[in-house]
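See structure below.
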Amino acid sequence: MLLEREPLLSALRAGLEQALASRGGMVLVVGEAGIGKTSLLRTFAEQARGAARLYTAACEDLSTPEALVLLQDLGLSAWRGAADRARLALFADALDELCAAPTVVLIEDLHWADEASMDFLRFMGRRLAGRPLLVVITSRDDDAASRSQLRRVANDIPAELRTRLDLPRLSPAAVAQLSVRRGVYGVEVHALTGGNPLLVNELLASKGRQPASIADMVLGRADALPEPARDALNQCSVFPGRVGVATLAPAGVRAEAMAPCLASGLLVSDGDGYAFRHELTRRAVEDALDPLQRHALHARALELLERSGASAARRLHHAIAAQDRRAIRALAPEAARAASAAGAHREAAQSWRAMEPYVDGLPAVEAAAYWSALSSELHVTGRLAEAIETMNRAHDLFTAAGDEERAGDALRWLSRFHYLNGDRQAADDHAARAVAALEPLGESATLAMACSNVAQLAMLADEPARAVEWGERAIAMAERLGRKEIVVHAMNNVGAALCHVDPERRRTTLDAALRIARGLPNCDFEVARILITRASCAAFILSLEEALANANEGISYCQDRDLDVLRDYLCGTKALVLLAKGEWDEAGETALRVLDNRATGPIAHHPAALALATLRIRRGEDADEPLAELTQHMLTGREAPRYLAYAEVMAERAWIRQEGRDAALALIDEAVTRFPDQTSAWLTGSLWFWTRKLGADASRFERARLPPPHRLLADGDWEGAAARWAQLGMPYPRALALLEGDEAAARAGLALLDVLGAAASASRARVELGARGLRGLPRGPRPSTRANRFGLTRREMDVLALLHEGLSNKELGRRLFVSPKTIDHHVSAILSKLEAGSRTQAATIARREGLLDRSSD
C-alpha cells in the first residue's frame, strides 16, 4: 500500500505525457535509504505500462564496480559487440534505440553507479530535448558521495529538462493507517521509525517489537525461516543486486527453499532471478554471517560466476571477500583494463587497488608495471598526489630491475604529474632527467615522448623557439618510428607555441594534428588537448567567439569521455572568455562549478580561479578564496602567462581597493623582470595599463610591444582605444578607456560599468572622476527592475527564494545540485548586495521588496 505519494506519481505521469509528446526529460527521485524510492518506481511502472516501452536497470554496491553496468542491464541490442566499438558510437546507438518509440527508462541507485554509466546518463541527459524518452533515476542524498553523484548528473543536464522529486517520510497519520491493520499503536511506531517506510514495514512485520536496529528486525524474520530457506537466503545475501536462477542452480538451491524467503517478503522474484527487497536488508543478512561462513559463501559465489562467464569486475568483488590471492591477481588487471577501455577510470583505479596487498610478492618488473598502471588511472581522474607517489614506486622498481627505458618513461610521467599538480620546478627537473636517461639508449618512442614533453613545458613557459625546436625533434623521430600518436602530441605543442608569433602556422598545425588524432584509436586525450589549445590560443589573442565555440566543443568532448581534469580547465577558460564578453553571471557560475570540484588540481582550477577572483574584485565581493588558490599555485607554478595574469589581477585589486599599491607594483616588476621575452602583447598591455592606473612610471614598457588599444591610449586617443575594445566585444576595458575621455565619454564609461555590475570598479571610478571636477554623477545603476536594483544574479535569486523557506546551506545545496560551499558563496553575495546582516534579514528584505515574486523569472 503506497501512501502519501500521489503528488510524486502525478509528477512522474506528467513527465510521461511530455515524453509521449516528444518532449523528453529526466526525473531524479531522491531520498534517504528506505524512503520508498523503489516502491514509487514500481507503482509508476505499472501505471506507465502500455503507454510506453519500459526498460529497467539498477546499479549495484560492488567493491569493484563493473563498467557500463547500466547499458548491460538495459538489454539493448546496441550492447552487443560493445567491447569493439568507440564509446561515443555505443552511447549514440543506445540512445537512438531507446528513442525509436516512446520509452520510459527506470534506473535505481545512482549512488552506486560506475563512472562509465554516469557518463552515459550525462550523454543521454544532454540530448533529451525533442525525444520521446523519460529517464527516471533514484538516488540517495544522505551522504557526501551520493550528493556528489547527483550533482555530476544534474549539472550536465539543462535545467528545463530535469526535475527533482524529494521523497518525504510518512506522516503520523499514514503510519497510523498502516499500523491499525496490524493491531499496533501507530504513534509509537512513528516515534520509533521517524516515518521511514522501510523501518515502518520492518517494525510492523515484527509485530511492533522494539529491536535495537533494522538489522535486528530483518534477522528476526530471517531466523524464523526453515534451515534450507535460511541457507538459500545466506547464499543470496553475498550477491549485491540480483542473482539469476541460472547462477544459483549449480549450487543446489531449490525452489522449495526459496519459497519461504519470498513468502516472508525478504526476497522478491522477477521470474528469472531473486533480489532482496532492499539493499539494507541484504546487508543486514550478509553482515550477520560468521566470518568463515561469509568467506565460504563468497568463494562459492566466485565459483558459480566463473561457470556462468560473469565479468571480471563482478568476480573480483567475490574474490576480494574470499581473500583469494590467486583470483585477485588474475582478475584485478582484467577488470581494470576493461573499465579503463570503457572510460571508467575511477573504477579502473579501484580494481588496481584491490591487487595492492598482493603486489609485494611479485617480481620487480611486474610490480613496477602494476604501480605504473595504477598511477596512470589516478592521474586521469585528477588524484595527482597519489599518481606521483605510485609512479615514484614504479620508477624505483624499474630502476632496480635494470629496465632503463621504462624507468626513463616513469620520469617523463612524473614530470607531467608534477606540472599538473602545480610544481613547475619539479616538472622541469624530471623532464631533463627523463631525456638524459633515455638518450644513451638510442631512438625510441619513449625518447620521442620525452622530447615532446620538454616541448610542452617550453610552450607553457612561453618559450616558443625552444618549444618548436624540441617539438620538431620529437615529430621527426616519431615519424621515423611510425608513431602517429606521438606526432600528434608534439604537433599540438608546436602549434600552441606559435600562438602569438605565427598565428597562421599555429592554425594549420593544430588543424592537421586534430585530423590525425581523430583518425587514431584510443586518442581521446590528445584530441581533448588539441581542443584545449585551440580554445586557449583564441582566448589569448582575444578572438572571443572562436574561443567560446572551441571551449564548448571541448567541454562536450571531455564530458562524454570522463576527462574531468581537461574539462575543468576548458570550463575555466570559458569563464574567462565570458568575463571578457561581459557575460558575468554565467562566467561566475561556470567558474564556481569548477572550483567546487576538489578532485582536480591547481592547473585545472587556475583559469576558473582567475576568472572568479577578477569578477568578485570588480563587483566588490569577497575574492579571498580564489585569490588564495592563485597565490598558492604561484608559489610553485610560476610561468610567464599565468604569473603575468596573476600580477594583472592583483594590480586591478590594488587600484579598486586603494590598498596594496606597492606590493602590486613590485609584483608587476618581478613578472616583467622574470619574463622579459614573453610573447603576449595583450598581457604586456594590461600590465602597462595597471601600472599607469596605480600612478607609477610605465615608461619601461615599449610602445611598440603594446597591442593596438593600449597604443592608442598611450597616444592619448581614448576614443580610438574604446572603439577597438568595442570591436573586440570587450565592454569592461572599453568602459575604462572611456573614463579617460571628456565628460560625456567618462559618464558613458561609468554607466557601462554600472550595467556590467562592476560596483567596486564604478565606485573607484566615481572617486577619480570627482577628483577631475565632474559633478552630478549618478550614484549607481537605476532600478529598472526590483531584482536589478540589488544586482542579484539569476542563481542568487534562486538561493534567496529558498532562504525564505529557512533552509540550511546543506539543504539548499541538495535542492540546487551544488555543494554547501558554493551555496555559502551565494549567500555571502546576497547578504552583501542586500546590505543584510543575517539570512533572516535578507529574507525580510526579499519579502518587502517583492523579490520572491521574481525568483523564477
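With the requirement that a residue be among the aliphatic types (A, V, I, L, M) and surrounded by 20 or more Cβ atoms within 10 Å (Cβ to Cβ), what does the range 731-755 give you?
First, pick out the residues of the range 731-755 that are among the aliphatic types (A, V, I, L, M): 735-739, 744-746, 748, 750-753, 755.
Scanning the range 731-755 gives Ala735, Leu736, Ala737, Leu738, Leu739, Ala746, Leu750, Leu752, Leu753.
Quick check on the range 100-132: of everything there that is among the aliphatic types (A, V, I, L, M) and part of a loop (DSSP other than H, G, I, E, B), which residue is surrounded by the most Cβ atoms within 10 Å (Cβ to Cβ)?
Ala113
Among helices (runs of 4 or more DSSP H) lying entirely in the range 395-495, which contain 1 or more residues that are open to solvent by 50 Å² or more (accessible area, probe 1.4 Å)? Reasoning before the result, please.
On the way: elements: 404-420, 424-438, 445-460, 464-481.
Here the list reads 404-420, 424-438, 464-481.
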Criterion: modelled with pLDDT of 95 or more, open to solvent by 20 Å² or more (accessible area, probe 1.4 Å), assigned to a helix (DSSP H, G or I) and more than 27 Å from Arg424 (Cα to Cα) - qualifying residue of Leu576, Leu548: Leu548
Helices (runs of 4 or more DSSP H) contained entirely in the range 763-845, each with at least 2 residues that are at pLDDT 75 or above and open to solvent by less than 10 Å² (accessible area, probe 1.4 Å): 794-803, 809-816, 820-834
Ala434, sole failed condition from (1) of a type outside the set (D, E, K, R); (2) in contact with a Gly (Cβ under 8 Å, 6 or more places away or on another chain); (3) in contact (Cβ under 8 Å) with a residue 40 or more places away in the chain: (3)
Condition met for Asp511 (open to solvent by less than 40 Å² (accessible area, probe 1.4 Å) and acidic (Asp, Glu)): no
Yes/no for Thr281 being more than 30 Å from Trp371 (Cα to Cα) and open to solvent by 10 Å² or more (accessible area, probe 1.4 Å): no
Options Arg277, Arg300; residue that is touching a strand residue (DSSP E or B) at 6+ places or on another chain (Cβ under 8 Å), closer than 18 Å to Ala232 by Cβ and not assigned by the TED database to the domain that holds Ala33: Arg277
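Take Val135 and decide whether it is buried (at least 17 other Cβ atoms within 10 Å of the Cβ), within 40 Å of the chain's Cα centre (by Cα) and not hydroxyl-bearing (Ser, Thr, Tyr).
Working: buried (at least 17 other Cβ atoms within 10 Å of the Cβ): yes; within 40 Å of the chain's Cα centre (by Cα): yes; not hydroxyl-bearing (Ser, Thr, Tyr): yes.
Against the criterion (buried (at least 17 other Cβ atoms within 10 Å of the Cβ), within 40 Å of the chain's Cα centre (by Cα) and not hydroxyl-bearing (Ser, Thr, Tyr)), Val135 qualifies.
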Test result for Arg692, open to solvent by 50 Å² or more (accessible area, probe 1.4 Å), part of a loop (DSSP other than H, G, I, E, B), of a type outside the set (Asp, Glu) and out of contact with any strand residue (DSSP E or B) (no Cβ under 6 Å at 6 or more places or on another chain): no
Some residue of the range 359-382 being of a type in the set (Val, Ile, Thr), over 28 Å from His633 (Cα atoms) and open to solvent by 60 Å² or more (accessible area, probe 1.4 Å): no
Which numbered condition Arg164 misses (of (1) open to solvent by 40 Å² or more (accessible area, probe 1.4 Å); (2) assigned to a helix (DSSP H, G or I); (3) in contact (Cβ under 8 Å) with a residue 40 or more places away in the chain): (2)
Subset tally (residues that are among the acidic types (Asp, Glu), modelled with pLDDT of 90 or more and either touching a Pro at 6+ places or on another chain (Cβ under 6 Å) or not assigned by the TED database to the domain that holds Ile137 (or both)) for the range 82-120: 0
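Return yes when Ala647 is surrounded by 22 or more Cβ atoms within 10 Å (Cβ to Cβ), at pLDDT 95 or above, closer than 24 Å to Leu576 by Cα and touching a Phe, Trp or Tyr at 6+ places or on another chain (Cβ under 8 Å) and no when it is not.
On the way: surrounded by 22 or more Cβ atoms within 10 Å (Cβ to Cβ): yes; at pLDDT 95 or above: yes; closer than 24 Å to Leu576 by Cα: yes; touching a Phe, Trp or Tyr at 6+ places or on another chain (Cβ under 8 Å): no.
Against the criterion (surrounded by 22 or more Cβ atoms within 10 Å (Cβ to Cβ), at pLDDT 95 or above, closer than 24 Å to Leu576 by Cα and touching a Phe, Trp or Tyr at 6+ places or on another chain (Cβ under 8 Å)), Ala647 does not qualify.
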When residues of the range 695-720 are limited to those that are part of a helix (DSSP H, G or I) and aliphatic (A, V, I, L, M), the one farthest from Asp742 (Cα to Cα): Ala704
Search result, residues across the range 651-678 that are open to solvent by 40 Å² or more (accessible area, probe 1.4 Å) and closer than 21 Å to Ala608 by Cα: Arg653
Which numbered condition His298 misses (of (1) modelled with pLDDT of 95 or more; (2) touching a Ser or Thr at 6+ places or on another chain (Cβ under 9 Å); (3) not hydrophobic (A, V, I, L, M, F, W, C)): (2)
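Considering each residue of the range 171-201, count those that are of a type outside the set (Asp, Glu) and either surrounded by fewer than 17 Cβ atoms within 10 Å (Cβ to Cβ) or under 34 Å from the mean Cα position of the chain (by Cα) (or both), and give that number.
So the first thing to find is which residues in the range 171-201 are of a type outside the set (Asp, Glu), and the list is 171-187, 189-201.
Then drop every residue that is not either surrounded by fewer than 17 Cβ atoms within 10 Å (Cβ to Cβ) or under 34 Å from the mean Cα position of the chain (by Cα) (or both), which leaves 171-173, 176-177, 180-183, 185, 187, 191-192, 194, 196-198.
Total meeting the criteria: 17.
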Number of the exception - His500 against (1) touching a residue at least 60 places away in the same chain (Cβ under 8 Å); (2) open to solvent by less than 10 Å² (accessible area, probe 1.4 Å): (2)
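The values are calculated or read from the model by the stated rules, or taken from the named source; none is laboratory data. These numbers were taken from a predicted model, which means no experiment stands behind them. No Cβ is skipped: glycine too gets one built from the backbone with ideal geometry, and neighbour counts run over all protein chains shown. The protein model used for the area step is the full one, side chains on, heavy atoms only, and it has no ligands, DNA or RNA in it. Shrake-Rupley method; radii C 1.70, N 1.55, O 1.52, S 1.80 Å.
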